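Colleague: First, the structure itself, so that you have it in front of you.
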Amino acid sequence: MKRGYRLLGWALLLLGAPSACSGGHVGAASSSGASAGAGEGGGAATSTGAGGGVATGTGEGGGAAAGAGEGGGAAVGAGAGTGPSGECAALAPGPFEPALVTAVFSGSEDLAFDGRGYLVAKQGPNLVRFDATGRTSNFASLPGPVSGLRYRPDGTLVAARPELGAIVQISATGMVDDYVTGLTDPNGLAPDALGNVWATDLAGDRVIRLNPDATIDEIASGAPEVSEPNGIVFDPARWAVFYTNSSAGEIRKIDLNNPGEPPSLVVTVASSVLDGLVLDTCGYLYTVDNENRRLYRVRLDAGGAALGEAELLARFPTGVANAQFGAGPGFNARTLYVGGAAGSIYAVAVGITGAPVPAPPEAP
């Protein structure tokens, strides 16, 4: 595995940070992030941050903001926790009522936060920026299907284009360039703090790492351990990669400390088709079942083993595929924003912040 040692510094840094599971956060918003659900008929959705700001969401067809975290800033958590204690043990089990944020998008399987006040997703042939007041603006032209969509720490946005077998990068000014080509079916993306992008190649049955120089390292491949891999998340605190085997309804783990060891099974969600994957500051995983329009949480121990079955957190009225914790002014850091190709974005107040993710230094 080339270049793996380059990430070790970030992993050690995170391991030294206080954990939410022992009662501490680094830069965590203190909002409880309560949300009132809104139906497609236009009911309002509200979520209040600790700073007193309230964001209001309209129903289907209207722009909406969902939730303001304290000060509006992105929360930075401590990565994997040491066990279910403190705030992590006190997490409400759900299910929660999702609040409709907006339905202005279309054909957007994934969404991304720039951390400075914009949520970015697809609207027809364009990438569109959406702020917490409901305003939208075109960001870049990107026709055709787009799967994964994530920001790198240098401020560029990476997007998986499965029909082209390519992952592209979009500059802060909206210029689109090829990053990596020649893939089979790129899907999930997970940038790390050093500019690598961990990715799934769904039809290729492999998990790969794209290095900053556009070279590719194959991390794991081959069914049944890697079978239609979809969502992916890099966990530097555990020095592991988690991914979903979509049709099998599985979450699996690659232990980067033991290269060549087969990926281990973390949990299976029966009768599901698992898509996106995201990590919170407790070290717990959240995954989206796009077949049944559901969101699940999987509590993990410090080694990445499941502490029980997947917990149902929310059901959605329209199709969903991916989720991201809110980041930036007007978006609640203790809320998961869930969306899919149907175009609607929902807010689910899960009551905890996300694990640290790369963020651009300034808004595009």
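The values are calculated or read from the model by the stated rules, or taken from the named source; none is laboratory data. Please read these numbers as outputs of a predicted model, since none were measured by experiment. In this analysis, Cβ positions are derived from the backbone assuming ideal geometry, glycine residues included, and neighbour counts consider all displayed protein chains. Accessible surface is based on the protein model in full, side chains and every heavy atom, while ligands, DNA and RNA are left aside. Shrake-Rupley method; radii C 1.70, N 1.55, O 1.52, S 1.80 Å.
Colleague: Roughly speaking, what is the stretch gain from E261 to N292, that is 0.36 nm per residue apart minus the C-alpha to C-alpha distance, in nm to one decimal?
Modeller: Values: separation 31, 0.36 × 31 = 11.16 nm, distance 3.23 nm.
Fully extending the segment from E261 to N292 adds 7.9 nm.
Colleague: Please compute the modelled spin-label separation between S106 and A90, points set 7 Å along Cα→Cβ, answer in nm with one decimal.
Modeller: It works out to 4.6 nm between the two label points.
Colleague: Turning to a different aspect of this structure: Rounded to two decimals, what ratio of Rg to Rh does segment 220-364 give with C-alpha atoms and a Kirkwood Rh?
Modeller: Computed over Cα atoms, the ratio is 0.96.
Colleague: Over all distinct alpha-carbon pairs, what is the Kirkwood Rh of segment 73-205 in angstrom?
Modeller: On the way: mean 1/r = 0.0608 Å⁻¹.
Radius from the Kirkwood sum: 16.4 Å.
Colleague: Suppose accessible area is computed on protein heavy atoms with a 1.4 Å probe; arrange D205, D280 from highest to lowest. Before the final figure, lay out the partial values.
Modeller: Numbers: D205 45, D280 0 Å².
The most accessible residue leads, giving D205, D280.
Colleague: Can you tell me the equivalent ellipsoid semi-axes for segment 92-164? Use √(5λ) from the Cα gyration tensor, largest first, whole Å.
Modeller: Result for segment 92-164: semi-axes of 22, 15, 14 Å.
Colleague: Placing +1 on the Cβ of each Lys and Arg and -1 on the Cβ of each Asp and Glu in segment 175-270, which of A270, V197, S227 has its Cα farthest towards the positive end of the resulting dipole?
Modeller: Of A270, V197, S227, it is A270.
Colleague: Among residues other than S271 whose Cβ falls under 10 Å from its Cβ, what is the net charge (Lys/Arg +1, Asp/Glu -1)?
Modeller: With Lys, Arg at +1 and Asp, Glu at -1, the net is -2.
Colleague: Using θ = phi - 60° and the Karplus curve 6.51 cos²θ - 1.76 cosθ + 1.60, what whole-Hz ³J(HN,Hα) does each residue of segment 175-180 get, with Gly and Pro shown as x?
Modeller: Karplus-based 3J(HN,Hα) across segment 175-180 equals 7, 9, 9, 5, 9, 9 Hz.
Colleague: In addition: With 5 Å bins from zero, work out the P(r) of segment 278-355 over every alpha carbon pair and list the percent per bin.
Modeller: 3, 17, 27, 23, 18, 8, 3, 0
Colleague: Once R0 is set to 25 Å, what does the formula 1/(1 + (r/R0)^6) return for the Cβ-Cβ distance between I216 and N126, expressed as a FRET efficiency to the nearest 0.05? Mind dumping the intermediate values first?
Modeller: Details: r = 28 Å, r/R0 = 1.14.
For I216 and N126, the calculated efficiency is 0.30.
Colleague: Between V176 and A223, how many nm apart are label points set 7 Å from Cα along the C-beta direction?
Modeller: Between V176 and A223, the label points sit 3.2 nm apart.
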